Ligand code: AHR
């Protein structure tokens, strides 16, 4: 056999083909990449984020040695009106000290011997102003690993900072703030970061997770989502607003906490400035995705005559990234600490949006962006599953508008990926390019990773049509799973790449510049083998709602043979996680190679508004 590579006959450029996608789901940012160790640091957790939350989630009162105090939430005189809540400790009896304690994420605050931690807090005090406030890193049993003493000497809010070094290791640590005396102590934005963050940045990123990401050497990073971009209200000042980038920059106390689509609270401590910095640090081109004034989950639609501020958000973001310090938004970036532009080549409008209201609005964004910044590549959307009428509508819209790229998303079985290796063979070089913005096969096994690798060779060979591709989702905290599989898993102290991670890394490390003409001769084709018997499993799930399923049968239309999914009387709530966890899985053991038709009979009762049902039959 011989393979001839024609080094001078160059085909399509591979450009920025392989990159990464970051979305704060699975606690990827708060409790993940964002190195903040205090959970609910601004007392802004709210049932709107999650029914189990309140303003004191992850906090508890401390009353030592006969001390007595009340711990409540104040909101009349906040540090900043955009984050109204703060903790109020009314000292009744000082005893051995009273105050409050935070238990961090996962098993607790990961305290490491010899490591230093940067503590900060906004505080004010009425009464006993001379009385010290002790800040301790300690174990669940009260053993102290390190401490600092603050003197809160004013009834006006002020920021206090200290560095605490730990003398022991405990991954279930606590942060306690305790005082004596009398009167009232108020606290807000209680923060603790390891001093050692990725590239040593303040308000920085966890070194282990960020390094794993950097080691991929991605060409680009798509952020901040995902569904969390477009799920929310239309009012940027609303607690439940969609993801508006201007809310995510500047001093932390001015960034309003928001409901994260994935049913938790998002501090926005990891915001647009930090995203751009991270991209710069790891050599990835930033690809921000903006909401288009349309929430497909709740069908909230900004009227066309009120669309301009949303379009301005896109134009201002481009100026924020590219403008020099003399421009309005370039000047804001410079004040935040980055006088040089970050640069920006791509911008995405909408995530997975389908429906006419989106496509109608997309056209306005596209025109305005191209009029001011003709060289920016604008990305359109084609919905969630890369099939069907909505998908075609996305591509039609791309053609109508001249979109540079179209975002496709799909999560499928490994067999689907193998069978669709040639998916883009028929795509043309002179059309909008594909941005494969989310894809993964269902699993983190070697087999999944291999199937993805095979598929990625199909992306490479079709670089004439595929411009960008990123696996999704990227990160998952093992104790807060919204979605799996994921590329990197972590807890509060360690992070691991999956087999899928190493496949991605292989392709990113060896991405070429151009396709070359290759000829092979003398290769033997493998003998045709009969198709393997299918052993299948059926999984059900729902998204954004609750559904009760029972009596599920798969009936062979010809023979009447019935497979009854017995005992499935299950209520599934709101997620693909349920699809994995709570769904019916049963082997069908089909051994035939000719086509047979089955009908699925399903009885289901809706309890609360599901957005979609999932029926997944695969191996
Ligand atoms: O990657 C997880 C989710 O899948 C994204 O938020 C969304 O775009 C898609 O449905």
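Only the coordinates and a few stated rules stand behind these numbers; no lab work does. These numbers come from a predicted model, not from an experiment. Reconstructed Cβ throughout: ideal geometry from the backbone, glycine too, with neighbour counts over all protein chains shown.
Principal-axis analysis of the Cα atoms of the chain puts helix 356-372 at an angle of about 80° to the longest axis.
The angle between the Cα long axis of helix 272-282 and the main principal axis of the chain comes to about 60°, on a 0 to 90 degree scale. Peptide packing: for 471-477, 329-335, 240-246, the average count of neighbouring Cβ atoms within 10 Å per residue gives the ranking 471-477, 240-246, 329-335, highest mean first. Is the shape of region 133-214 best called rounded, prolate or oblate, per the rule: a/c under 1.5 gives rounded, else a/b larger than b/c gives prolate, else oblate, with a ≥ b ≥ c the square roots of the Cα gyration tensor eigenvalues? In terms of gyration-tensor shape, oblate. If one computes the Cα centroid of region 432-501 and of region 37-72, what distance in Å separates the two points? Taking the Cα centre of each part, region 432-501 and region 37-72 sit 36 Å apart. One compactness figure for the chain is 1.05, namely its Cα radius of gyration divided by 2.2 N^0.38 Å.
Spatial offset of region 329-379 relative to region 201-279 amounts to 17 Å, using the alpha carbon center of each.
With a Förster radius of 45 Å applied to the beta-carbon distance between residue 199 and residue 312, the computed FRET efficiency rounds to 0.90. Helical content of the chain, expressed as a calculated mean residue ellipticity at 222 nm, amounts to -5500 deg cm²/dmol (DSSP H runs of 4 or more residues, -39,500 (n - 2.57) each, divided by residue number, nearest 500). Take the Cβ-Cβ distance between residue 2 and residue 561 as r, set R0 to 45 Å, and report the resulting FRET efficiency rounded to the nearest 0.05. The calculated FRET efficiency here is 0.30.
Give me 262, 157, 550 ranked fewest to most by other Cβ atoms within 10 Å of their Cβ, as a rough exposure proxy. If you can, show how the numbers build up before the last one.
On the way: 262 26, 157 18, 550 14.
Fewest to most other Cβ atoms nearby, the residues stand as 550, 157, 262.
For the peptides 351-361, 432-442, residues were scored by their other Cβ atoms within 10 Å and the scores averaged per peptide; the highest-first order is 432-442, 351-361.
Can you bin region 1-93 into rounded, prolate or oblate? Criterion: square roots of the alpha carbon gyration tensor eigenvalues sorted a ≥ b ≥ c, rounded for a/c under 1.5, prolate for a/b above b/c, oblate for the rest. Prolate, because a/c is 1.5 or more and a/b exceeds b/c. Once the Cα-Cα distance is subtracted from the 0.36 nm per residue extended length, the residue 182 to residue 165 segment shows a gain of 3.2 nm. Taking 0.36 nm per residue of sequence separation and removing the Cα-Cα distance, the residue 149/residue 107 pair yields an extension gain of 12.5 nm.
When the Cα gyration tensor is reduced to axis lengths a ≥ b ≥ c, the ratio a/c is 1.5 or higher for region 334-490, and with a/b not above b/c it is classed as oblate. Short-range pairs are left out: with C-alpha atoms under 8 Å and at least six residues apart, the relative contact order of the chain is 14 percent.
Computed over the Cα atoms of region 165-299, pair by distinct pair, the Kirkwood hydrodynamic radius stands at 17.4 angstrom.
Using the Cβ-Cβ distance between residue 523 and residue 445 with R0 set to 35 Å, the FRET efficiency from 1/(1 + (r/R0)^6) comes to roughly 0.75. Let me test this: with uniform point scatterers at the alpha carbons of region 59-188, what is the Debye-based log₁₀ I(q)/I(0) at q = 0.16, 0.17, 0.23 1/Å? For region 59-188, the Cα-only Debye profile gives -0.78, -0.88, -1.41.
The C-alpha atoms of the chain define a longest principal axis, and helix 388-401 lies at about 80 degrees to it. Using a cutoff of 8 angstrom between alpha carbon atoms and counting only pairs six or more residues apart, the relative contact order for region 52-177 works out to 28 percent.
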